[in-house]
Amino acid sequence: MMILTATPHMAVWGKWLGDALGTNAAGASAGNALFGIFLSLIVYLIGQWLFKIGKGFFLFQPLFVGMVLGIFILYLMARAFGTDTATFYKSAYLPGGNIIFWFLNPATIAFAIPLYRRNDVVKRFWLEIVLALIIGLVISLFIIYYAAKLFGLDKVGIASMLPQAATTAIAMPIATAIGGNAAVTAMACILNAVIIYALGDWLVKFFRINNDPIGAGLGLGTAGHTVGSAKALQLGSIQGSMASIAVVIISIVVDIVVPPFATMMGLR
Amino acid sequence: MAANKDVEKVDLAEEKPASPILIQMGIFAAILFVSSLISPLFPASFPVPTPVIGLVILYALLASHIVKLRNVEKFGDFMISLIAFLFVPSGIQLAASLDILKTQGVQIVVVVLIATIVLLVVVAYTAAFLIRIRKNVFHRNVDVDDD
């Protein structure tokens with residue numbers, strides 16, 4: 001509020017803006033939800049526009065641009081209001097952000113539709129699907145564990161890295177249970193989606209993953225959660241169906257496999 | 001292959017128009033509501049969140065033909081087309097944990113980047129390997145019609 005209350009005239013504006021953003025009363029009140037919705041839309045649309053004029057340059061993917069630009073705008077506004085970014089985020093952005101966030105519930109359920117459209121593949125390959133996810137996750141856990149150790153993460157950091165293949169709502173409690181930091185795990189899950197969204201096409205091409213459409217779908221669903229499933233749908237109906245089933249099954253596999261793995265590695 | 005024909009037959013045989021969008025939303029809302037009642041029944045050591053249960057319920061309803069594709073397709077495909085935008089608040093959520101990034105930030109981001117690539121490649125190759133075993137060891141047909 002420091003800058004905005006510089007003059008009496010500004011104080012009126014400051015109160016008006018502060019009411020809308022929920023930063024008055026020491027940031028305790030819930031602000032106007034419209035700000036969060038509006039900011040999300042604007043930064044995403046800017047991302048779409050950049051992606052179009054940048055001829056599909058991977059760093060201009062709308063989700064990535066939206067995230068970086070959104071955080072940067074919140075950071076600048078927090079400084080202008082004289083609070084820290086986290087507080088400003090909670091009071092000004094979160095009410096609107098939560099409304100958009102809620103719609104991830106029906107959007108996740110909707111992935112049953114591409115899954116059912118290729119029910120023929122699910123019925124024929126269910127054993128390979130389940131086995132690939134279990135074996136693939138166990139191998140990945142070892143690599144992730146040693147990679148985290150190599151980069152000097154402490155025990156809490158390593159434990160936070162292990163459950164990230166599951167959907168956020170499953171990964172967070174498991175991270176806490178094995179001695180990790182749930183906030184770091186949530187961050188990992190979000191970054192998974194952003195990374196797959198930005199680099200997915202390139203990675204699929206580089207590792208020639210699409211040679212096997214079932215493998216491509218399972219990999220994208222595991223690594224990129226529902227965003228990976230949307231990416232997989234662009235490759236084809238089999239990939240989309242496999243990614244949708246991977247999101248569900250990998251979450252349950254993480255539920256079962258990660259706690260004993262953490263015990264085995266002496267993390268708890 | 002036969003199952004695929006079944007699915008197609010179901011779609012083609014009923015040339016009834018898609019359900020009104022409010023009905024479609026109502027089906028999603030009902031599934032979400034039931035899922036939110038089931039989710040807390042799981043123990044804290046084995047969490048299964050609401051949307052994951054909802055996905056399984058909708059799949060089961062579609063597979064048992066209780067709900068037809070035309071009842072949910074329009075709204076469902078619309079929601080899926082929005083998924084990247086719906087993730088924007090999750091991305092911006094990182095604004096609340098910028099202080100975690102300050103201490104171990106670079107290492108964490110690098111490890112997550114590695115983990116993402118490892119999960120994608122290892123799972124994809126494992127699946128391709130298992131399917132090759134099915135083809136070469138058990139001599140089963142593994143052709144799927146792509147589109």
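A short reminder: the numbers here are calculations on the coordinates, not readings from a lab. This structure is a prediction, so every number in the text was calculated from the model and none was measured. Here the Cβ is made from the backbone with ideal geometry for all residues, glycine too, and neighbour counts use every protein chain on show.
Summing Cβ point charges (Lys, Arg +1; Asp, Glu -1) relative to the Cα centre of chain A gives a dipole of roughly 300 debye. Taking B:L55, B:L98, B:L69 as the candidate residues, the one with maximal mean-square fluctuation in a Gaussian network model of chain B, Cα springs under 10 Å, is B:L98. Treating each Cα of the protein assembly as shown as an identical point scatterer and summing with the Debye formula, the log10 of I(q)/I(0) at q = 0.07 Å⁻¹ comes to -0.35. Rounded to two decimals, the Cα-based Rg/Rh of segment B:93-147, with Kirkwood Rh, is 1.34. Cross-link pairs exceeding 22 Å between alpha carbons, from the set A:K123/B:K74; B:K16/B:K68; A:K149/B:K102; A:K123/B:K135; A:K52/A:K231: A:K123/B:K74. Projecting the Cα atoms of A:S251, A:L127, A:G180 onto the dipole axis of chain A, where Lys and Arg carry +1 and Asp and Glu carry -1 at the beta carbon, places A:L127 farthest toward the positive end.
Expressed in units of 2.2 N^0.38 Å, where N is the residue count, the Cα radius of gyration of segment A:108-150 is 1.64. Using just the C-alpha positions of segment A:202-260 as equal point scatterers, what log10 of I(q)/I(0) does the Debye formula give at each q in 0.23, 0.27, 0.29 1/Å? Taken in order of the listed q values, log10 I(q)/I(0) reads -0.77, -0.96, -1.06. Long hydrophobic helices in chain A, taken as whole DSSP H segments with a C-alpha length of 20 Å or more on their own axis and mean Kyte-Doolittle hydropathy at least -0.5: A:33-53, A:62-81, A:119-150, A:182-206, A:237-264.
Based only on the alpha carbon positions, what is the Kirkwood hydrodynamic radius of segment A:79-177, in angstrom?
For segment A:79-177, the Kirkwood estimate is 17.4 Å.
Here is the size of chain B from its Cα atoms: Rg then Dmax, 21.0, 60 Å.
The fraction of Cα-Cα pairs per 10 angstrom bin, counted from 0 for segment A:125-268, comes to 13, 43, 33, 10, 0 percent, rounded to whole percents.
For chain B, what is the relative contact order in percent, using Cα pairs closer than 8 Å and at least 6 residues apart in sequence?
21 percent.
Counting Cβ atoms of other protein chains within 10 Å of each Cβ in B:101-112 and taking the mean gives 6. Net charge in the neighbourhood of B:R140 (other residues with Cβ under 12 Å of its Cβ; Lys, Arg +1, Asp, Glu -1) is +2.
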